[in-house]
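Sharing a structure, written as structure tokens. Questions coming.
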Amino acid sequence: MEKLRKRASKARAKTIEKIPPDKLDTFSAKGKIKDGIFKLLFEKPENAAELYSALTGTTCNPDEIQIITITTTISGKQKNDLAFVVNNKALVVGEHQSTTSKNMPIRFLMYSGQLFEKWIKMKGEEKFLYRTKLYKIPTPEFVVFYNGTTKKPEKDILSLSDAFVKTTDKALGSLELKVPVYNINKGMNKDLLSKSDMLRQYAEFILNLRDFKKRYEDYNQVVKETLTHCIENNILSDFLKEHGGKIVSILTTEYNEELAMRVYGEELLEDRNEEIAKKMLTKGYPVSVIAEISELTIEEVLEIESSLQISNNDNSMQEEGDKNPYYTEREYLEDKASWEEREAALEQENAKLLKIIADLKQNKNL
């Protein structure tokens, strides 16, 4: 009797049809957008079906899977995020190889809007939203997999409401979005990994890549050894053989971006230290103290001091607020706002420095 009720319920439920492949091509992303190995692996219907079954305990076939790629732009970066529709549900999958971001619920909220907009447009059913009859959409579901080096629990739950500035009023409508984060590092979530062999092999692949990074300084050698080892040990072997060139490209791009960010961060720190040194020089602090506080060498501080003296001699001093006659009004106002903001930040930094210097004087009898 229970089975009959379930069948009747399924029969009454409105079936959400798949989008024809030719329609999907029409809405494919334009331009070069970065894909990740995780997405490349699980955008295969058979792997997506295995992953979904492992997560939900619901058996599904590859032909029931429809991959829906979401192209997102956050912080100036374009990225394809994996999403697929199955059993009238839309699962959005995220992955982290470093630290988990507590902002994933916010990002998934943004993804959801794009996902449903894309879905409705692909079906050509925008006009149905303005009718009185309820329009059915796939049920959104979310998951994130973590495989970074920082210790994390086996499972964590991130909630959108944690980001709200104030608690919601019970008398008004509200929004919530929860994202489970599964740790797929070695020894974690063994039951889940036993149900999805592809997810287990992917976790092993990342673990091997991390191990070879420790052994070799040359990143090209790291990639080569990782691929060779995994193919020989049947870790994503067929997948790596099929997509070897693309995987090398993805790993190299990710490494170059990581290296570029490190260099950029170092440059920002150097600029900040120079600004601190300039500020302290104008306040008359001793060079030795400036070097210690700014983390610059005494020679570097003396060089900055020399450049400041040359600049003061070569340029006439203007009263604060005077306009450069060659500036447009808009350029002047933009520069003025920028420098005022920078000056305010330096003043805050200066307050911190004064306290540090006071402590140093007390400890070192300066």
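Filter region 158-173 down to residues that are surrounded by 11 or more Cβ atoms within 10 Å (Cβ to Cβ) and free of Cβ contacts under 8 Å to residues at least 40 places away in the same chain and give me whichever is nearest to F108 (Cα to Cα).
Ranking the qualifying residues of region 158-173, first place goes to S161.
While we're looking at this one, here's another question. Looking at R262, R215, which one is basic (K, R) and modelled with pLDDT under 90?
Numbers: R215 fails: modelled with pLDDT under 90.
Result: R262 is the single residue among R262, R215 that is basic (K, R) and modelled with pLDDT under 90.
Write out, first by first residue and then by second, each pair whose Cβ atoms fall under 7 Å of each other, whose residues are 6+ apart or on separate chains, and whose first residue, in region 279-294, is closer than 18 Å to S307 by Cβ while the second is at pLDDT 80 or above and aromatic (F, W, Y).
So the pair list comes out empty.
Of everything in region 223-237, what is buried (at least 16 other Cβ atoms within 10 Å of the Cβ) and part of a loop (DSSP other than H, G, I, E, B)? Give them in sequence order. Walk me through how you get there before you give the answer.
The initial filter retains those residues of region 223-237 that are buried (at least 16 other Cβ atoms within 10 Å of the Cβ), namely 223, 225-227, 230-231, 235-236.
If the condition is that a residue be buried (at least 16 other Cβ atoms within 10 Å of the Cβ) and part of a loop (DSSP other than H, G, I, E, B), then I235, L236 are the ones that fit.
Looking only at region 174-185, count how many residues are surrounded by fewer than 16 Cβ atoms within 10 Å (Cβ to Cβ) and either among the small types (G, A, S) or farther than 23 Å from A49 by Cα (or both). Before the answer, list the steps.
Just the residues of region 174-185 that are surrounded by fewer than 16 Cβ atoms within 10 Å (Cβ to Cβ), to begin with: 174-176, 178, 180.
In the following step, the residues that additionally are either among the small types (G, A, S) or farther than 23 Å from A49 by Cα (or both) were identified as 174-176.
So the count comes out to 3.
Between a residue in region 32-58 that is within 14 Å of V93 (Cβ to Cβ) and assigned to a helix (DSSP H, G or I) and any residue that is among the small types (G, A, S) and at pLDDT 95 or above, which pairs come within a Cβ distance under 7 Å, given they are 6 or more apart or on different chains?
If the second residue must be among the small types (G, A, S) and at pLDDT 95 or above, the pairs left are E50/S196; L51/S196; A54/S196.
If you don't mind, another one. Looking only at region 131-153, which residues are touching a helix residue (DSSP H, G or I) at 6+ places or on another chain (Cβ under 9 Å) and farther than 20 Å from F42 by Cβ?
Our first condition is that a residue be touching a helix residue (DSSP H, G or I) at 6+ places or on another chain (Cβ under 9 Å); within region 131-153, this holds for 135, 137-138, 140-145, 147, 149.
Y135, I137, T149, listed by residue number.
To continue, here is another question. Name the single residue, out of those in region 94-120 being among the small types (G, A, S) and out of contact with any strand residue (DSSP E or B) (no Cβ under 8 Å at 6 or more places or on another chain), that is nearest to G36 (Cα to Cα). Spell out the reasoning first.
Within region 94-120, the first condition is being among the small types (G, A, S), and the residues that meet it are 94, 98, 101, 112-113.
If we keep only those that are out of contact with any strand residue (DSSP E or B) (no Cβ under 8 Å at 6 or more places or on another chain) too, we end up with 98, 101, 113.
On the way: S98: 14, S101: 17, G113: 22 Å.
Selected residue: S98.
Can you find, within region 165-182, the residue that is modelled with the lowest pLDDT among those that are among the aliphatic types (A, V, I, L, M) and within 30 Å of E154 (Cβ to Cβ)?
Of all residues in region 165-182, those among the aliphatic types (A, V, I, L, M) come to 165, 171-172, 175, 177, 179, 181.
Okay, now just the ones that are also within 30 Å of E154 (Cβ to Cβ), so 175, 177, 179, 181.
Values: L175: 90, L177: 94, V179: 93, V181: 94.
That would be L175.
Still on this model: In this structure, is L240 more than 22 Å from G94 (Cβ to Cβ), of a type in the set (A, V, I, L, M, F, W, C), part of a helix (DSSP H, G or I) and outside the structural domain of T56 (by TED's automatic domain parsing)? Please lay out each step first, then the result.
Values: more than 22 Å from G94 (Cβ to Cβ): yes; of a type in the set (A, V, I, L, M, F, W, C): yes; part of a helix (DSSP H, G or I): yes; outside the structural domain of T56 (by TED's automatic domain parsing): yes.
Considered against the rule, which asks whether it is more than 22 Å from G94 (Cβ to Cβ), of a type in the set (A, V, I, L, M, F, W, C), part of a helix (DSSP H, G or I) and outside the structural domain of T56 (by TED's automatic domain parsing), L240 comes out as yes.
Residue by residue through region 130-157, note down the ones that are among the aliphatic types (A, V, I, L, M), surrounded by 10 or more Cβ atoms within 10 Å (Cβ to Cβ) and at pLDDT 90 or above.
First pass over region 130-157, keeping only residues among the aliphatic types (A, V, I, L, M): 134, 137, 143-144, 157.
Now narrow it down to the ones that are surrounded by 10 or more Cβ atoms within 10 Å (Cβ to Cβ): 137, 143-144, 157.
V143, V144, I157 - these are the residues of region 130-157 that are among the aliphatic types (A, V, I, L, M), surrounded by 10 or more Cβ atoms within 10 Å (Cβ to Cβ) and at pLDDT 90 or above.
Every residue, every condition in (1) closer than 24 Å to T69 by Cα; (2) touching a strand residue (DSSP E or B) at 6+ places or on another chain (Cβ under 9 Å); (3) polar (S, T, N, Q), yes or no:
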site	(1), (2), (3)
M122	yes, no, no
E141	yes, yes, no
F145	yes, yes, no
Q201	yes, no, yes
L207	no, no, no
D211	no, no, no
T226	no, no, yes
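The values are calculated or read from the model by the stated rules, or taken from the named source; none is laboratory data. None of the values given here were measured: they were computed from a predicted structure. Please note: Cβ atoms are built from the backbone with ideal geometry, for glycine as well, and neighbour counts cover all protein chains shown.
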